[in-house]
1. So which helices (runs of 4 or more DSSP H) are wholly in the range 1-118 and hold at least 1 residues that are closer than 28 Å to K301 by Cα?
2. Under 8 Å between Cβ atoms, at least 6 apart or on separate chains: pull out the pairs that start in the range 63-75 with a residue that is aliphatic (A, V, I, L, M) and end on any residue that is open to solvent by 60 Å² or more (accessible area, probe 1.4 Å).
3. Quick check: anything in the range 245-256 polar (S, T, N, Q), open to solvent by less than 20 Å² (accessible area, probe 1.4 Å), closer than 17 Å to G9 by Cα and touching a helix residue (DSSP H, G or I) at 6+ places or on another chain (Cβ under 7 Å)?
4. Within the range 235-289, which residues are among the polar types (S, T, N, Q) and closer than 30 Å to T140 by Cα?
5. List the residue pairs whose Cβ atoms are under 9 Å apart, where the first residue sits in the range 121-133 and is within 20 Å of A33 (Cβ to Cβ) and open to solvent by 10 Å² or more (accessible area, probe 1.4 Å), the second is part of a loop (DSSP other than H, G, I, E, B) and of a type in the set (D, E), and the two are 6 or more positions apart or on different chains.
6. Determine whether the range 6-21 contains at least one residue that is open to solvent by 20 Å² or more (accessible area, probe 1.4 Å), aromatic (F, W, Y) and either in contact with a helix residue (DSSP H, G or I) (Cβ under 8 Å, 6 or more places away or on another chain) or at pLDDT 95 or above (or both).
7. Would you call K118 farther than 28 Å from E24 by Cβ and open to solvent by 50 Å² or more (accessible area, probe 1.4 Å)?
8. Which residues, counting only those in the range 39-52, are open to solvent by 10 Å² or more (accessible area, probe 1.4 Å) and over 19 Å from N193 (Cα atoms)?
Amino acid sequence: MIIFSGGTGTPKLLNGLREVYPEEKITVVVNTAEDIWVSGNLITPDIDTLLYMFSGRLDTSKWWGVKDDTYRTHEAMKELGYDEVMMLGDLDRATHIMRSDQIRSGLTLTEATIGLSKSFGVKANVFPMSDDPVSSMINTPEGKMHFQDFWVGKHGEPDVMSVCQEGIEKASISPAVVEALEREDNVLIGPSNPITSIGPIIELPGMRDILKEKKVIAVSPIIGTGPVSGPAGKLMTARGIEVSSFGVASYYSDFLDHLIIDELDPIDDERFSEIGCNVSRTDTLMKSLAISINLAETVLKLF
């Protein structure tokens, strides 16, 4: 099975899926448009969340970073007058240093990620969406800024006028992802931000056409008129997309077969017939591992 992932929603689902489905049969295509160079190292937050989750290192109280990490390097740099845009843990930074050194030596991001997966003992296949640089950029009244500057640096507070993925037109789907898509017929789009977590993956040249030939199931990250977490509402509005599960389905409509929405979502299921999308309901909030497992089992029954 192939899963498109970004942010923290999809990792929670994958944490349940790994309990009821063989990890070695899981292939995750990961958003890299939120990657950013910090203090000389490439930070790939969505990839690292999965590497840490599958290897048992993830801080699941935050769903990012390494559990029990320390921040002495970050604090020492701040004392010296250098304030990093992201608060990086010491153990986490070791991953970034290894990755960046490998990339500088000539490896692709995919090759470096496969190497790190092996080092961490990860059985699942974790692949970046592309080896080419793509950046989610947010246009605000304060100017254009990288997603990390908007979400981490500015806490998502500025108004959003538009969103774009710089470099997407020239980017290619990672060869490892192409190979996986040639083998697999089932694709799951996790409950992640459709604009900056999933959007960069599906907007890669040729990806939508590939997905039209697959069975695609998605889990909505929206309940009612608001996202479960994160800035998806602001970003969807800036793109002219209705902030609702129907808006998510509409964005994916040219390839989507089935959408799973939350059991408490007040939206009328009949709306989805307008775009030929089937709908089912269950608890999608994943406040516990048991709920994540239930959602994973719901997905598996639909494939």
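The values are calculated or read from the model by the stated rules, or taken from the named source; none is laboratory data. These figures come from a predicted structure and were not determined experimentally. Reconstructed Cβ throughout: ideal geometry from the backbone, glycine too, with neighbour counts over all protein chains shown. Remember, those area values only see protein heavy atoms, side chains included, never the ligands or the DNA or RNA. Shrake-Rupley method; radii C 1.70, N 1.55, O 1.52, S 1.80 Å.
1. Fully inside the range 1-118 and qualifying: 9-20, 45-54.
2. Partner pairs satisfying both residue conditions: V66/R57; V66/L91.
3. no
4. Once the filter is applied, which keeps residues that are among the polar types (S, T, N, Q) and closer than 30 Å to T140 by Cα, the range 235-289 yields T237, S244, S245, S250, S253.
5. That search, which allows pairs on different chains as well, returns P133/D35.
6. Scanning the range 6-21 turns up at least one residue that is open to solvent by 20 Å² or more (accessible area, probe 1.4 Å), aromatic (F, W, Y) and either in contact with a helix residue (DSSP H, G or I) (Cβ under 8 Å, 6 or more places away or on another chain) or at pLDDT 95 or above (or both).
7. In short, no.
8. If the condition is that a residue be open to solvent by 10 Å² or more (accessible area, probe 1.4 Å) and over 19 Å from N193 (Cα atoms), then S39, G40, N41, L42 are the ones that fit.
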